[in-house]
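J.: Below you will find the structure I want to go over with you.
Only the coordinates and a few stated rules stand behind these numbers; no lab work does. Everything numeric in this text was worked out from a predicted model, so none of it was measured. Every residue, glycine as well, gets a Cβ built from its backbone with ideal geometry; the counts of neighbours run over all protein chains shown.
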């Protein structure tokens, strides 16, 4: 039983009427059932990275975005990350996909779980679901994972290093969770299972219910019968990862510049002869120290790094260019009728001076400022809006290039 009151909130069965149709996300000051009849501003101030929140009927009458069979089919694909976790005979086991249908245990067998990552990249229903959470910056949004479990299935008590919304979409799952200082793990297991789990809260989620957990809150979810849970996770790179990637970015930028100082070879014309050849020479330490000390960067370098790094698709992401691509003129004529949408796998970010698409950084020109931020925010360019911009040949050429790469989509039936 809970040791302290749970922050549970009943939610209305009517979505806020002013919710933007094109993104699916509530506005910062819009009251929404998704957050327990709070505004995103209230949620971010009171709960985000601070404390858990249980929301009853966050999305009323919610059905799973994929059926069980559709999820199993997705787990059989080479470009989809999936994991099978079993707890048969009180022993944890972990396998990585893809999984053919006959490689999964029987749905009648207890205590197994299938985790499928990045479902929003492959299914429009899952993509629409994760878009509801775009009141949080895209730069932080990671993916939507679906967990399918048979009765008693789970992944053991654990903690995550990132924020997560746990949205129940089928069946029931019991969650026990709480803040605890002892985060030591059981040794010798293929999973990160807490050694001394001491939950403070206990609740059962039914379809439409949602639990928000900030980083490092210990939790354990156990299926009560067959169930499916959507986990909306967020990127939280470590300081070590950011430092390593940023230094690599700086080295790349220095190497790409013509006649760059970084391209100069190490020289030591004053190096004297030595009688201890294996010892690191003092002159080498001094010169290399000076080279490293001369490295500098500014806010522009940081922005370029973050935009490129955070828009880079995961290694298993594959874009599908059109089989018979339209030439630019026919492409423009089609878009005048259908409009454009960003492909589900495309990440498009921007700041005041640049835009970043799928890991590439480009200058945000004066003409691009008229349409690109809108396209990135809504992930759609309506036909009427596109028509007003077609005089900009740079825009039509760029969008045609993205179309040929599979980064944007038109309506193929038009």
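J.: When you count, for each residue, the other Cβ atoms within 10 Å and take the mean per peptide, how do 239-246, 397-404 rank with the highest first?
T.: 397-404, 239-246
J.: In percent, what relative contact order does segment 8-234 have, based on Cα pairs under 8 Å that are 6 or more apart in sequence?
T.: Dividing the mean separation by the residue count of segment 8-234 yields 23 percent.
J.: Let me ask something else. For a footprinting-style exposure proxy, rank 61, 103, 226 by other Cβ within 10 Å, fewest first.
T.: Result, fewest neighbours first: 61, 103, 226.
J.: For each of 378, 32, count neighbouring Cβ atoms within 10 Å of the residue's Cβ, then give the residues from fewest to most.
T.: On the way: 378 17, 32 23.
So the ranking, lowest neighbour count to highest, is 378, 32.
J.: So what is the relative contact order for the chain, in percent, with contacts set as C-alpha pairs under 8 Å and at least six apart?
T.: Dividing the mean separation by the residue count of the chain yields 14 percent.
J.: What distance in nm separates the two pseudo spin-label positions at residue 364 and residue 106, each 7 Å out from Cα along the beta-carbon direction?
T.: About 5.8 nm separates the two model spin labels.
J.: Additional query: Before rounding to the nearest 500, sum -39500 (n - 2.57) across all DSSP H runs of length at least 4 in the chain and divide by the residue total; then give [θ] at 222 nm in deg cm²/dmol. Before the final figure, lay out the partial values.
T.: Details: 10 runs with 102 residues, N = 414.
Counting only the DSSP helices, I get -7500 deg cm²/dmol.
J.: Please give, to one decimal in nm, the separation of the simple spin-label points placed at residue 48 and residue 266, each 7 Å out from Cα toward the Cβ.
T.: Each label point lies 7 Å from its Cα, and together they span 4.5 nm.
J.: Could you list 50, 192 so that the one with the fewest beta carbons within 10 Å of its beta carbon is first and the one with the most is last?
T.: 50, 192
J.: Given 0.36 nm per residue, what is the gain on full extension from residue 91 to residue 320 after removing their alpha carbon distance, in nm? Intermediate values should be presented prior to the final figure.
T.: Details: separation 229, 0.36 × 229 = 82.44 nm, distance 4.07 nm.
Using 0.36 nm per residue and subtracting the Cα-Cα distance, I get 78.4 nm.
J.: Listed highest first by mean packing, meaning other Cβ atoms within 10 Å per residue, what order do 352-364, 143-155 come in?
T.: 143-155, 352-364
J.: Going by the alpha-carbon gyration tensor, a ≥ b ≥ c the square roots of its eigenvalues, is segment 214-341 rounded (a/c under 1.5) or, if a/c is not under 1.5, prolate (a/b greater than b/c) versus oblate?
T.: On the way: a/c = 3.38, a/b = 1.58, b/c = 2.13.
Oblate is the answer for segment 214-341, as a/c is 1.5 or above yet b/c matches or exceeds a/b.
J.: Taking Rg/Rh (Cα atoms, Kirkwood Rh) straight from the coordinates, which label in (i) 0.97; (ii) 1.03; (iii) 0.93 is the correct one?
T.: Structure-derived value, by its label: (ii).
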